[in-house]
Amino acid sequence: MAGSFSDNLLGKVAFVRGGSNFEGGLVVDESRKGFSIALADGQRLKAQTGQLLAVEESRAACSAPDSFVAMVRDRVEALDLRIAWELLLDDTEGAVPLDDILALCGDLASAADRVALLILLETGGALFKRKGELFAPLSARIIAEREEQEARARHKLSQFQAQVEELRRLSDGELKVDQLTAEARAGLLAIQQCAFVEEPTPAASRFLAELFPDNQQSAHVVAFDWLVRLGLLDEHEDLFLRRMDVREEFPAAVEENAQELAEKLAGKLDSRPLLEGIEFVAIDDDETAEVDDAIGLERLPDGGCRVHVVICDVASGVPRDCLVDREAASRGTTIYHPTRRILMLPKVLAEGALSLVVGEARLVLDHVFSVDAKGRVYDFAVRPAKVSLNRRMTYEEADAELAERRDGDLATLQAVADGLFNERIAQGAIHFYPLEVKIRVEEGEVSVKAIDNFSSSRRLVSEFMVACGGAVGRMLAEQMVPAIFRRQVAPSEPIEWDEESARDPVFILENVRKLKRADISLQADRHHALGLMAYTQVTSPLRRYGDLLMQRQLHSYLIRRVAEYGDGELLKLMSVADQVSLQVRKAVGAAERYWALVALSRRGDEPVEAIVLDDRPRREQVLLVEYGLQRKFFPQGPVHSGERLLLRVGKVNPRTESVVL
């Protein structure tokens with residue numbers, strides 16, 4: 001009987017809620033968890049008892065279930081319960097049995113009629129509500145409210161379909177963006193937002209499903225590719241920078257403030273002592289325009305010397321909370337992107353009035369290391385000063401001079417740096433020198449340049465920058481000046497290394513995982529990898545907002561003997577700056593990988609040199625030496641860690657960072 005939901009359903013025709021309305025078929029399997037019905041298309045549909053609408057067990061239905069289900073569908077389409085509902089609406093008796101409703105609908109007595117009526121009574125849009133074995137008509141108010149909701153839904157669907165049609169015409173070139181209606185532009189905006197994030201909104205997913213029903217790729221990939229085809233995005237668009245909402249240009253008010261600050265700097269130079277008789281040299285990459293630091297050597301009669309590490313005095317030039325300062329805080333750092341450079345400070349300051357320039361006086365903080373005749377540092381001091389840079393050198397030029405002259409100032413500076421390095425090693429410092437490449441893009445052409453972090457000049461500069469951070473950190477800790485210290489707990493297990501292993505990519509991969517993540521604290525603590533007890537960062541105030549904060553703190557202590565910031569405010573500001581810097585590092589890292597893969601994709605048939613980093617089966621990984629890329633690969637035979645290979649490059653997709661080797 002229709003509607004008789006017995007425990008035993010096997011072999012009967014069951015109708016269940018499914019799809020947009022209902023499904024029906026012969027029950028071919030039954031268990032405690034539910035049952036399965038065979039659909040007319042040969043598929044099996046799993047269902048649970050709670051989904052049941054009706055069951056028919058007559059021989060005629062069960063012997064030809066597909067025909068019976070088709071008959072029920074026809075009856076459902078033909079039946080109109082409106083008249084029965086209107087007749088029963090004012091019935092004081094309320095609920096009535098199924099047969100009474102059937103009688104009011106006309107001459108309907110077949111099993112298919114009864115099942116169709118049950119389905120109509122149970123599914124959405126029903127005019128009756130079940131009460132046990134009886135059915136009560138819903139009130140006119142409820143029906144009117146439902147019909148109003150359905151009308152609104154139909155209107156929304158019609159609007160959505162119109163939006164989709166406009167976007168299809170846009171895709172086909174029949175419309176331009178400025179010809180879209182406001183509703184269609186909203187749909188386009190949803191798709192644009194989807195291209196920039198990996199978790200699309202429901203609206204974007206719905207539009208993309210309608211526009212590209214057969215595309216199985218991730219929604220953000222589909223959206224990005226479509227926008228590229230429309231010419232609304234460049235194929236090399238940097239999605240990380242888009243997500244971060246990074247702007248290259250400074251607001252006009254910030255530029256005006258920067259110009260005012262630059263003009264005021266000239267008057268501050270007169271009050272500073274000029275560091276004379278010392279040759280100051282800035283060693284940087286050839287493209288560096290923001291020159292934060294320079295190093296000078298002052299020889300002493302007793303055979304000792306003073307090493308002067310001068311850092312441009314941004315704290316004196318950019319007052320706290322001015323427009324430039326607020327903008328710098330929001331940017332957090334200068335971004336060195338393969339395709340562009342996005343400054344933290346306006347150019348008039350970053351590359352002009354605050355940057356160290358040959359032959360021009362600049363405000364600096366002079367970090368002075370006193371060194372005895374045996375090369376040991378025995379004193380440290382910091383003082384405001386001004387300096388006129390004598391020369392600039394690239395790392396390559398400095399390396400060449402160090403190789404040719406062993407008695408010049410650079411050679412002496414290198415000897416002092418080596419002494420500082422050895423002291424840190426004695427304190428347990430750990431150094432790795434991984435392969436690094438610099439990726440630059442000019443007019444679509446990608447250049448890949450290897451960086452030797454083990455070069456003499458790079459180690460010289462790096463060591464004095466670390467020394468400044470350690471010395472200033474100790475000074476602030478001893479004077480109890482609020483400061484942000486960089487700290488790092490000991491590795492998970494001891495790391496035994498030497499200069500050779502520190503350059504071995506296999507050794508680096510195996511051991512870098514043992515290092516713990518560094519963090520920040522208001523309390524001076526050990527930084528194990530650097531081998532320092534109190535370390536802060538102060539040497540890049542033109543390029544890192546965190547360094548500017550600490551320089552302000554140091555500057556205020558030197559001039560006024562009070563701190564610029566209290567503990568809580570300093571920690572809050574530094575936490576924000578560090579978070580922005582972390583996002584920038586991720587964005588730049590992703591961009592460098594992307595453009596390295598673009599260069600790799602243009603390589604053609606020329607094999608690429610690779611070093612096996614991991615030889616475990618199904619986990620094989622190589623380092624593509626020329627591009628600094630670590631990638632998995634599937635060798636045809638056994639390989640060994642450290643082995644050098646020549647690999648052919650197959651399909652490369654820079655956007656998904658996939659490579660076939």
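List of remarks:
- Over region 47-108, the fraction of Cα-Cα pairs per 10 Å bin, rounded to whole percents and listed from the shortest bin up, is 17, 37, 34, 12, 0.
- Taking the Kirkwood radius as Rh and the Cα radius of gyration as Rg, region 193-261 has a ratio of Rg/Rh equal to 1.21.
- At 1.567 mPa s and 4 °C, Stokes D of region 238-297 from Kirkwood alpha-carbon radius, µm² per second: 82
- Rounded to the nearest 10 Å², the accessible area of D284 at probe 1.4 Å: 10
- Restraint check, K514/K586; K438/K516; K514/K572; K449/K514; K438/K586, Cα-Cα greater than 19 Å: K514/K586; K438/K516; K514/K572; K449/K514
- In this rough spin-label picture, where each label sits 7 Å from Cα along the Cβ direction, the E165-E263 distance is 6.1 nm.
- With the simple model of a label 7 Å out from the Cα in the direction of the Cβ, L571 to K131 spans 6.6 nm.
- Ranked by the mean number of other Cβ atoms within 10 Å per residue, highest first, peptides 454-460, 345-351 order as 345-351, 454-460.
- For peptides 315-326, 258-269, 379-390, sequence by mean Cβ density within 10 Å, most packed first: 315-326, 379-390, 258-269
- The lysines whose alpha-carbon is closer than 20 Å to the alpha-carbon of K386, local same-chain residues fewer than 8 away aside, are K264, K268.
- Nearest-0.05 FRET efficiency for R17 and F212, computed from C-beta distance (R0 35 Å): 0.75
- Cα-based helix-to-principal-axis angle, 409-426 vs the chain, degrees rounded to 10: 60
- Here T656 sits with roughly 70 square angstrom of accessible surface, probe radius 1.4 Å.
- Residues D66, D225, D238, sorted by accessible area with the largest first, give D66, D225, D238 [1.4 Å probe; ligands and nucleic acids excluded].
- Mean-position separation - Cα centroids, region 265-293 and region 20-90, in angstrom: 86
- Computed from Cα positions, the angle between helix 395-404 and the longest principal axis of the chain comes to roughly 40 degrees.
- Relative to the longest principal axis of the Cα atoms of the chain, the long axis of helix 182-196 makes an angle of roughly 50 degrees.
- Label point distance in nm, K347-V221, each placed 7 Å from Cα along Cα→Cβ: 3.9
- Computed from the C-beta positions of K632 and R440, the FRET efficiency with R₀ = 30 Å rounds to 0.65.
- Placing R391, R185 in order of accessible area, with the largest value first and a 1.4 Å probe, yields R185, R391.
- Cα-only Debye scattering, region 570-661: base-10 log of I(q)/I(0) at q = 0.19 Å⁻¹: -0.86
- Relative compactness, region 312-417, computed as alpha-carbon Rg over 2.2 N^0.38 Å: 1.36
- Here P(r) over Cα pairs in 10 Å bins from 0, in percent was calculated from the structure, and among (1) 3, 14, 19, 16, 12, 10, 8, 7, 5, 3, 1, 1, 0, 0, 0; (2) 3, 15, 24, 24, 17, 10, 5, 2, 0; (3) 3, 11, 16, 17, 13, 10, 9, 8, 7, 4, 1, 0, 0 it sits at label (3).
The values are calculated or read from the model by the stated rules, or taken from the named source; none is laboratory data. Everything numeric here is computed off the predicted structure, so don't read it as measured data. Please note: Cβ atoms are built from the backbone with ideal geometry, for glycine as well, and neighbour counts cover all protein chains shown. Only protein heavy atoms, including side chains, enter the accessible area calculation; ligands, DNA and RNA are left aside. Shrake-Rupley method; radii C 1.70, N 1.55, O 1.52, S 1.80 Å.
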